[in-house]
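First the structure, in the form of structure tokens, and then the observations on it.
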Amino acid sequence: MASIELRNLCKQFDKTIVLRDISFTVREDEFVVLVGPSGCGKSTILRSIAGLETPTSGEIWIGGKNITNMQPRDRDIAMVFQSYALYPHLSVYDNMAFGLKMRKISSEKIDKRVKEAAVFFELSELLNRKPKQLSGGQRQRVALGRAVVRNPSALLFDEPLSNLDAKLRAHTRTEISRLHKRLKTAMVYVTHDQIEAMTLGERIVVLKDGVIQQIDTPLNVYRKPSNKFVAGFIGSPAMNFISGARINGAFQAGALNFALPSTLVSDCPDRITLGLRPEQIVVGTNSSSKVGFDLNVDVVEPIGNELLVYGRIGEQELVVRCDPRTEVVPDSRLPVFFDPSAVHYFDATNERSIVRD
Ligand SMILES: Nc1ncnc2c1ncn2[C@@H]1O[C@H](COP(=O)(O)OP(=O)(O)OP(=O)(O)O)[C@@H](O)[C@H]1O
Ligand SMILES: [Mg+2]
């Protein structure tokens, strides 16, 4: 077990800067998820930790040792890729045993470790098969098993579930969670799927354009996003945003006009973006402390456990998450309200959250 620490990591390919001043620490038993849109630099961070990419500047420390210039094979780290990268001519057993054989570990020990991993990943019946005789999910489990048998001091995952169907994804996600509980090794997991990030990560690092936007627990990232990007990226359906202005202590945007919470008014900018999570808009009529309006309903999506209602207030499009029993049809008006002291506000100029006390 070892902690991983990135200190002011920067990476440039030719003239393009892809990582800017990346610093964070993964405790020796922590599960950290890197999340962000395609191209934001997630894989580059992971590959730098593994030693497959050389940082332009900055340092990487593992277990209190500066390993920035150490060869990948000396780093005691295992990495699982999206593409599995199994050896096609080797059996499942030999795929898992390969790294151990290279390390000259006794065949008894290898056999014990491979069989243990096979039990954990439900591969015991498949040990003699070749990768091409396996389903995608089984291949991915072999890749996970191969990483684990090495007993590495840290495990890195680069979108390991993205080739799996939804059900298998959910299943393997739970397996990875169980794996972490069992091994208690530092794990860094890359994904662009915010559900994976929220469910797997003890802490989440949200990235955009090679810059860290926020590092926090999943719930804090959801409840207290540092800026509009994080607020919009984490949560599905995404947060609704309404641009408006602060006029005499009130928020004004078209038909919406309400007094801003008193905790917000003191140093609030003039141009504000209001952020409403789909579940923060509630069906019903307004009570005194709430802000009510009519939603012009366009589309109703019953998903079983919830109902998503897409509509408009003026020109502004909104999505509302409702109880599945809500009676609502397209082309109607749905009375809704929200609590202005519970929703989100952003500085429209720099997109930072306006933090309330
Ligand atoms: N070898 C390379 N040469 C030049 N540019 C590169 C190289 N590798 C990556 N990049 C660029 O660096 C940026 C970050 O790439 P990276 O693979 O880290 O993104 P990512 O967040 O993992 O994206 P995805 O979710 O699509 O996998 C991208 O703009 C990419 O085009
Ligand atoms: Mg990637």
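Are any residues in segment 87-118 open to solvent by less than 10 Å² (accessible area, probe 1.4 Å) and within 19 Å of Arg139 (Cβ to Cβ), and if so, which ones?
Once the filter is applied, which keeps residues that are open to solvent by less than 10 Å² (accessible area, probe 1.4 Å) and within 19 Å of Arg139 (Cβ to Cβ), segment 87-118 yields Val92, Asn95, Met96, Ala97, Val114, Ala117, Ala118.
Report yes if Ala117 is within 16 Å of ligand 1 (Cβ to nearest atom) and not in a strand (DSSP E or B), otherwise no.
So Ala117 fails the test.
Let's see how each residue does on (1) at pLDDT below 95; (2) touching a helix residue (DSSP H, G or I) at 6+ places or on another chain (Cβ under 8 Å); (3) open to solvent by less than 40 Å² (accessible area, probe 1.4 Å):
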position: Arg277; (1), (2), (3): no, no, yes
position: Val291; (1), (2), (3): yes, no, yes
position: Leu295; (1), (2), (3): no, no, yes
position: Gly311; (1), (2), (3): no, no, yes
position: His344; (1), (2), (3): no, yes, yes
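Report, by residue number, each residue of segment 123-136 that is surrounded by 13 or more Cβ atoms within 10 Å (Cβ to Cβ), under 33 Å from the mean Cα position of the chain (by Cα) and not in a helix (DSSP H, G or I).
Leu123, Leu127, Lys130, Leu134
Of all residues in segment 285-320, which are of a type in the set (D, E, K, R) and assigned to a strand (DSSP E or B)?
Asp294, Asp298, Glu301, Arg312, Glu317
Please give the number of the condition Lys224 fails out of (1) touching a Lys or Arg at 6+ places or on another chain (Cβ under 9 Å); (2) surrounded by fewer than 19 Cβ atoms within 10 Å (Cβ to Cβ).
That leaves (1) as the condition not met.
State whether the residues of segment 170-186 include one that is touching a His at 6+ places or on another chain (Cβ under 9 Å), open to solvent by less than 20 Å² (accessible area, probe 1.4 Å) and in the same structural domain as Lys112 (by TED's automatic domain parsing).
No; the residues of segment 170-186 include none that is touching a His at 6+ places or on another chain (Cβ under 9 Å), open to solvent by less than 20 Å² (accessible area, probe 1.4 Å) and in the same structural domain as Lys112 (by TED's automatic domain parsing).
On the given criteria, is Leu164 part of a loop (DSSP other than H, G, I, E, B), more than 14 Å from the chain's Cα centre (by Cα), over 20 Å from Glu116 (Cα atoms) and hydrophobic (A, V, I, L, M, F, W, C)?
Spelling it out, Leu164 is indeed part of a loop (DSSP other than H, G, I, E, B), more than 14 Å from the chain's Cα centre (by Cα), over 20 Å from Glu116 (Cα atoms) and hydrophobic (A, V, I, L, M, F, W, C).
Looking at (1) open to solvent by less than 70 Å² (accessible area, probe 1.4 Å); (2) within 23 Å of the chain's Cα centre (by Cα); (3) away from ligand 1 (no atom under 15 Å from the Cβ), which is the one condition that is false for Arg7?
Checking Arg7 against (1) open to solvent by less than 70 Å² (accessible area, probe 1.4 Å); (2) within 23 Å of the chain's Cα centre (by Cα); (3) away from ligand 1 (no atom under 15 Å from the Cβ), the one that fails is (1).
Taking only segment 45-80 into account, find how many residues are within 13 Å of ligand 1 (Cβ to nearest atom) and open to solvent by 60 Å² or more (accessible area, probe 1.4 Å).
Residues in segment 45-80 being within 13 Å of ligand 1 (Cβ to nearest atom) and open to solvent by 60 Å² or more (accessible area, probe 1.4 Å): 4 in total.
To keep it simple, each residue is scored yes or no on (1) within 30 Å of Glu202 (Cα to Cα); (2) touching a Leu at 6+ places or on another chain (Cβ under 9 Å).
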| site | (1), (2) |
| --- | --- |
| Ser226 | yes, no |
| Phe233 | yes, no |
| Phe251 | no, yes |
| Pro261 | no, no |
| Leu264 | no, no |
| Pro269 | no, no |
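Would you call Phe31 assigned by TED's automatic domain parsing to the domain that holds Lys115, closer than 19 Å to Gln214 by Cβ, away from ligand 1 (no atom under 13 Å from the Cβ) and in contact with a helix residue (DSSP H, G or I) (Cβ under 6 Å, 6 or more places away or on another chain)?
yes
Only one residue in Leu183, Leu144, Leu179, Leu156 is within 16 Å of ligand 2 (Cβ to nearest atom) and touching a Leu at 6+ places or on another chain (Cβ under 8 Å). Which one?
Going through Leu183, Leu144, Leu179, Leu156 in turn, the sole match is Leu156.
Considering each of Ile195, Ile234 in turn, give the residue that is open to solvent by 10 Å² or more (accessible area, probe 1.4 Å) and within 16 Å of ligand 1 (Cβ to nearest atom).
It is Ile195.
The values are calculated or read from the model by the stated rules, or taken from the named source; none is laboratory data. Since the model is a prediction, treat every value here as computed from it, not as a measurement. Ideal geometry is used to build each Cβ from the backbone, glycine not excepted, and the neighbour counts take in all protein chains shown. Surface accessibility is based on the protein's heavy atoms, side chains included, excluding ligands, DNA and RNA. Shrake-Rupley method; radii C 1.70, N 1.55, O 1.52, S 1.80 Å.
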